[in-house]
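Everything on this sheet refers to the single structure shown next.
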Amino acid sequence: MLISPADVEKLRTIHAPEPAILSLYLPVPLDPAQLRELSARAGELIASAASGAAAQIPRADRDAVQQLVAARGRNWLGHTVAIFSCGELGLLEALPLPGQVAERAVLATRPHVRPILAAIQRCPAYRVAVIDRRHGWLLSIVGDSVETAELPAADGIRGPGFGGWYGLESRRVQQRVTELARHPYQDVAEILEREASAGDHRPLVLGGHPEGITQLLSLLPEHLLEQCAGSFAADPHTLTTARARELAGAVIAGWAARREEQLAAETIGAALRTDAAVGLPACLAAVNAGAVGMLLIPDTGLIPGFVCGRCGAVSLTGDDCPDWGAAAGAIPDLLEEMAARVLDDDGQVTAVHGQSWAVAARLRFPVPQG
């Protein structure tokens, strides 16, 4: 069972008074023969987290994580697993992620969830509609899980060799064939409309022959067209669910990448006005003011910083807070803390790949820059 947004919210409720929560992101090889090295690699990553932290990782926590990896690694083949451990809180949880996430280990007062946010963003649950003149299939895809529903065949559609139509007036026959052939497309469109009315706004991928995809698109209302991530060409009669997931997964990956690029471009453009901030200092000020509606952060790297135990302000150095010195606390990743603050304020967090700037934000209101 792959991780969900509900799992993230559960993790975000966990806090420790001191840096005692270990977050480990461990890519698991697809080849079972390589599993024997996995526990040792987990130990190396844990040691690297301990070396960069003021607190120490209890030996019992390290052993518990390595034993978990050795016992359950075969269940996670080809995935990255996120493991969270804190003996004093009774926490030991392993969650396989969709897609691949870079290895990382962090010791902090809260679980490090930034890689999970990026993984869910890039590998969302989605739907696939596969269509031809006689049949329609609706697939619900969540990670490796595929649920399929087949629509009833349209009554009255004959094969190309059906002799009963010979001798009839060709235009009337063609009208009848067109009318009957539209039924599967209408059925799919109506089901998608009902799902949208019930609050299902997952991305939608269309598959089938190009003419069938065009036919279905012509029946979808504007709000469903906005949910379409793209399409793939395939013969519905020979398409397997595994192949459909593979083809649709490539469409979703491209759709997610385009969304990231669009958000980044829009935010950089808005920085010339007062409704956006670009760069870490400006975004720190906006986060501290509670002004961020959407935070864009890179998907790799850690930026160490500080948080004030009294006023809660986050900073690279602490120079901007009068409470520093008496209440300064080091944190391993400012971006994680900023993301947590924005989510707590009902904002959104988006990971962006390959940007030259460290962080950017869309603002709810302007923030004076000191």
Could you tell me whether L239 is surrounded by 14 or more Cβ atoms within 10 Å (Cβ to Cβ) and in contact with an Asp or Glu (Cβ under 8 Å, 6 or more places away or on another chain)?
no
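So that you can scan it fast, the table gives a plain yes or no per residue for (1) modelled with pLDDT under 95; (2) under 11 Å from the mean Cα position of the chain (by Cα); (3) of a type in the set (S, T, N, Q):
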residue: H79; (1), (2), (3): yes, no, no
residue: C86; (1), (2), (3): no, no, no
residue: E93; (1), (2), (3): no, no, no
residue: P96; (1), (2), (3): yes, no, no
residue: P111; (1), (2), (3): no, no, no
residue: I120; (1), (2), (3): yes, yes, no
Selected residue (only one of Q100, Q67 is without any contact (Cβ under 8 Å) to a residue 60 or more places away in the chain, more than 30 Å from A196 (Cβ to Cβ) and open to solvent by 40 Å² or more (accessible area, probe 1.4 Å)):
Q67
Scan region 248-270 and tell me whether some residue there is within 20 Å of A189 (Cβ to Cβ) and not basic (K, R).
yes
What pairs come up if the first residue lies in region 196-211 and is without any contact (Cβ under 8 Å) to a residue 60 or more places away in the chain, the second is among the hydrophobic types (A, V, I, L, M, F, W, C), and their beta carbons are under 8 Å apart, counting only those six or more places apart or on different chains?
A196/L224; P210/A233
Selection within region 70-81 - surrounded by fewer than 19 Cβ atoms within 10 Å (Cβ to Cβ) and in contact with a strand residue (DSSP E or B) (Cβ under 7 Å, 6 or more places away or on another chain)
R72
Just one of the numbered conditions (1) at pLDDT below 95; (2) closer than 14 Å to P111 by Cβ is not true of A53; which one?
(2)
Tell me, please, whether a residue that is assigned to a helix (DSSP H, G or I), surrounded by fewer than 20 Cβ atoms within 10 Å (Cβ to Cβ) and within 22 Å of the chain's Cα centre (by Cα) can be found in region 279-296.
no
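The values are calculated or read from the model by the stated rules, or taken from the named source; none is laboratory data. Model, not experiment: these values are computed from the prediction. Virtual Cβ from ideal backbone geometry, glycine too; neighbours counted across all protein chains shown. Heads up: the accessible areas ignore ligands, DNA and RNA and are worked out on the full protein's heavy atoms, side chains in. Shrake-Rupley method; radii C 1.70, N 1.55, O 1.52, S 1.80 Å.
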